[in-house]
Amino acid sequence: MKFNELDKKLRVYETAHDHCVLPEIYIVARIDGRCFTKLTKEKHQFESPYDVNFRDMMVETVKHLMQCGFKVLYGYTQSDEISLLLDPRENTFERKERKINSILAGEASAKFSLLLSDIGAFDSRICQLPNKKLVIDYFRWRNEDAHRNALNAHCYWSLRKEGHSPDEAAIALQKKSVAEKNELLFQKGINFNDLPNWQKRGVGVYWESYEKDALNPISGERVTATRNRLKADMELPMREQYSDFVSDLVPDFV
Ligand SMILES: Nc1nc2c(ncn2[C@@H]2O[C@H](COP(=O)(O)OP(=O)(O)O)[C@@H](O)[C@H]2O)c(=O)[nH]1
Ligand SMILES: [Mg+2]
């Protein structure tokens with residue numbers, strides 16, 4: 001068979017299910033570490049429940065994803081996951097879902113592996129959100145998830161560090177309410193309210209503008225130029241204030 005015939009015959013199998021996200025649908029990608037339970041506790045001994053080096057590697061990975069070819073308005077990370085809000089006008093690769101997912105998973109895996117000096121792989125999935133309210137609720141959901149995980153993880157690891165087995169610690173927490181978990185920590189000298197906010201709320205990454213001294217190359221005059229840089233925010237607000245904060249970052253369609 002000639003190349004042209006083969007090309008025509010086989011191309012359809014490659015492209016027929018190449019779904020494009022429709023215009024005016026917001027795209028949020030969630031990139032998640034693959035088998036990171038094993039990676040953080042067996043292959044590498046990161047501090048449990050929270051490790052500052054691990055957090056910083058995740059933040060660096062978010063920053064890399066925000067500069068790898070897509071226009072990303074907001075990045076958010078908690079635990080081993082990253083959420084990215086793409087600019088709604090983003091049209092790279094005609095908004096092909098497979099292309100966006102494979103590039104983001106590949107770039108995240110490459111960056112994180114370099115930082116770790118070992119293999120750390122990520123998957124990626126896209127949420128197609130039809131309105132701004134849902135985008136705000138999406139980020140609120142991940143923010144609340146971080147909060148809930150922080151309470152559970154601190155309780156679990158305080159029991160483990162006292163010598164309880166994984167099963168004993170899990171069973172002890174199974175039927176406890178939020179108030180009882182707070183009390184459990186308090187009895188062990190930990191006030192949940194005083195724990196670092198990045199653990200309870202996650203870390204947000206967004207663009208900020210700043211003034212930079214520069215030299216006009218033609219006139220030689222000193223001028224100030226406005227530049228953009230990424231800011232990692234470890235003190236995110238929570239609840240309604242977080243929804244308002246996200247709302248300010250999400251553009252309306254015009
Ligand atoms: N030791 C440690 N583990 C972490 C940290 N952040 C996230 N993890 C772990 O990463 C895993 C993320 O959960 P999940 O994605 O459901 O598990 P996976 O399917 O094994 O990747 C959990 O086991 C967390 O305990 C950290 O700062 N320190
Ligand atoms: Mg994971």
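Worth pointing out:
- Label-to-label distance for A170 and D137 is 3.2 nm, based on points extended 7 Å past Cα in the beta-carbon direction.
- Computed E for H19/C68 - FRET, C-beta separation, R0 22 angstrom, nearest 0.05: 0.55
- The relative contact order of the chain, computed from alpha carbon pairs under 8 Å that lie at least 6 residues apart in sequence, is 22 percent.
- Label point of S48 set 7 angstrom out along Cα-Cβ; within segment 71-100, amide nitrogens under 20 Å from it belong to 78-81.
- Our helix-only sum for the chain, with -39,500 (n - 2.57) per DSSP H run of n ≥ 4 divided by its residues, gives a mean residue ellipticity at 222 nm of -14000 deg cm²/dmol.
- Residue-span extension gain [R239 to V12] - 0.36 nm each, minus C-alpha spacing: 77.0 nm
- Take the chain and mark each of the trypsin sites (Lys or Arg not before Pro) that is in a DSSP loop with at most 15 other Cβ atoms within 10 Å; the longest unmarked stretch, sites excluded, is 90-174.
- Carbon plus sulfur fraction of accessible area for the chain, probe 1.4 Å, in percent: 51 percent
- Distance in nm between pseudo-label sites at D213 and V178 (7 Å out along the Cβ direction from Cα): 5.0 nm
- Averaged per residue, the chain has 58 square angstrom of accessible surface, using a 1.4 angstrom probe with ligands and nucleic acids left out.
- Placing R0 at 25 angstrom, the Cβ-Cβ distance between I190 and D56 gives a FRET efficiency of 0.60 after rounding to 0.05.
- Considering only N216, N193, N101, the mean-square fluctuation computed in a Gaussian network model of the chain, springs between alpha carbons under 10 angstrom, is largest for N216.
- Nearest-10 value in Å² for the accessible area of L134, using the 1.4 Å probe: 70 Å²
- Placing pseudo-labels 7 Å out from each Cα toward the beta carbon at E221 and D32 gives an inter-label distance of 5.5 nm.
- Heavy atoms of M57: accessible area, 1.4 Å probe, square angstrom to 10: 30 Å²
- Using alpha-carbon coordinates, inclination of helix 52-65 to the longest axis of the chain, degrees: 20 degrees
- Within segment 173-254, the GluC sites (Glu not before Pro) that combine a DSSP coil assignment with at most 10 other C-beta atoms in a 10 angstrom radius are E221, E235.
- For the listed residue pairs K38/K231; K200/K231; K111/K133; K43/K161; K41/K71, the alpha carbons are over 23 angstrom apart in K38/K231; K111/K133; K41/K71.
The values are calculated or read from the model by the stated rules, or taken from the named source; none is laboratory data. Every value quoted in this text rests on a predicted model; they were computed, and no experiment measured them. Note: ideal-geometry Cβ built from the backbone for every residue, glycine included; neighbour counts use all protein chains shown. These area figures cover heavy atoms from the full protein model, side chains too; ligands, DNA and RNA do not enter into them. Shrake-Rupley method; radii C 1.70, N 1.55, O 1.52, S 1.80 Å.
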